[in-house]
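Single-structure report; data block below.
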């Protein structure tokens, strides 16, 4: 019988055994929790949670921007093996090995999610005829190829699992990463950090005030639905080039992380504490920008997410590289670590589960804040159960089969064929 406590303890012990960075894994779990609470609030009708949560109501209100933290963390984790190979050239990672590992981590869980979405939820909500129609086929193909966020008609995933847009962006970055990674491990990572930030800012600016050619292409297939210019400009301003700054900050910090671990001394203590103060100030300013960004006016509007990315970088540095012990103690706890291990699966499943719950008859009688808490507890429990099951199933499928197991399967097949 499934025991959540046993599962948490088992995963925590495995993380320690594998020498995983517990702080960053917990940070990933915290980001996942923020995104989940944000979608719980949105799908419950965006009720006012201030009477219930006090100042904590900001977390579900702006929890979607934990996605920026995920982007930065992706850049951080993806560069680590390559920085390490600089020390041991004999352990260089081939292009084939890189893609095999990435595809094994991303594809099986993602396709399992699509199987449920297009095989069960879409037919129940839109009917089987939709799948055989031209829009339905286009929608399915866009998702199978991770290109759903490159077209405005498919970017919201039918409103059933809109969170998949970030996977489209991340997958595109994973594809180009082998061709840009050397920029961040050749000793010139500071220069290229600013180059990538400049590209992101320029893309944001052009997406809002220029790019008429791309704007017309993006608007054409959806104009008959009354889609506003703001929506299309926002769509363009969120493509991969606009998020290169996030991945670059992560790669820069990943490089710094490995160097800090290999450094014999810890450096001048005064400089370290001054740096902590600066980074803490940067993190506080990024959090405060949530409030300022409600104004949504240029140029702040297209620079704000860069500010959030920088704040995410400050948090990662203070958590994993050199920061107050309270940061490390908080993110090292095994419960956030459990969510961190399941973060990819939770991100895949949570919106789809909340969408299905929102379509049940029971939900028609529950509104506002009560619906939010129902989503938090019932939706959260279902999401964790399905995510854990998905992780275990994919792990089992990808686990190399022993010779003994192969012989058993062959014997059983022969038995049934002879019978």
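Within segment 134-162, count every residue that is over 29 Å from residue 95 (Cα atoms) and in contact with a helix residue (DSSP H, G or I) (Cβ under 9 Å, 6 or more places away or on another chain).
Qualifying residue count for the region: 14.
What number goes with the only condition from (1) surrounded by fewer than 16 Cβ atoms within 10 Å (Cβ to Cβ); (2) over 20 Å from the mean Cα position of the chain (by Cα); (3) modelled with pLDDT under 90 that residue 198 does not pass?
The failed condition is (3).
Please work out if residue 206 is free of Cβ contacts under 8 Å to residues at least 60 places away in the same chain, surrounded by 15 or more Cβ atoms within 10 Å (Cβ to Cβ) and in contact with a helix residue (DSSP H, G or I) (Cβ under 7 Å, 6 or more places away or on another chain).
No.
Right, residue 206: over 24 Å from the mean Cα position of the chain (by Cα), in a helix (DSSP H, G or I) and over 30 Å from residue 107 (Cβ atoms) or not?
The answer is yes for residue 206.
Please enumerate the residues belonging to segment 83-101 that are surrounded by 11 or more Cβ atoms within 10 Å (Cβ to Cβ), farther than 16 Å from residue 180 by Cα and touching a residue at least 40 places away in the same chain (Cβ under 8 Å).
84
Any chance segment 115-135 includes a residue that's surrounded by 14 or more Cβ atoms within 10 Å (Cβ to Cβ), over 29 Å from residue 34 (Cβ atoms) and in contact (Cβ under 8 Å) with a residue 24 or more places away in the chain?
yes
State all residues of segment 137-166 that are over 19 Å from the mean Cα position of the chain (by Cα), closer than 24 Å to residue 43 by Cα and part of a helix (DSSP H, G or I); if no residue qualifies, say none.
Passing the criteria: 139, 140, 158.
Pairs, please: C-beta under 8 Å, at least 6 apart or cross-chain, first residue more than 16 Å from residue 39 (Cα to Cα) and in segment 357-381, second at pLDDT below 85?
Partner pairs satisfying both residue conditions: none exist.
Say whether the condition of being surrounded by 14 or more Cβ atoms within 10 Å (Cβ to Cβ), touching a residue at least 60 places away in the same chain (Cβ under 8 Å) and touching a helix residue (DSSP H, G or I) at 6+ places or on another chain (Cβ under 7 Å) is met by at least one residue in segment 209-218.
Within segment 209-218, one or more residues are surrounded by 14 or more Cβ atoms within 10 Å (Cβ to Cβ), touching a residue at least 60 places away in the same chain (Cβ under 8 Å) and touching a helix residue (DSSP H, G or I) at 6+ places or on another chain (Cβ under 7 Å).
Among all residue pairs at least 6 apart or on different chains, which show Cβ distances below 6 Å where the first residue, located in segment 167-181, is touching a residue at least 24 places away in the same chain (Cβ under 8 Å) and the second is outside any helix (DSSP H, G or I) and surrounded by 18 or more Cβ atoms within 10 Å (Cβ to Cβ)?
What qualifies is 171/146.
Output the number of residues of segment 223-238 satisfying the condition of being surrounded by fewer than 17 Cβ atoms within 10 Å (Cβ to Cβ) and not in a helix (DSSP H, G or I).
3
Got a sec? Which helices (runs of 4 or more DSSP H) wholly within segment 1-82 have at least 2 residues that are under 30 Å from residue 101 (Cβ atoms) and in contact (Cβ under 8 Å) with a residue 12 or more places away in the chain?
Correct list: 4-17, 22-43.
The values are calculated or read from the model by the stated rules, or taken from the named source; none is laboratory data. Because the structure is a prediction, the values reported are computed rather than measured. Positions of Cβ are generated from backbone atoms using ideal geometry, with glycine treated the same way; all protein chains shown enter the neighbour counts.
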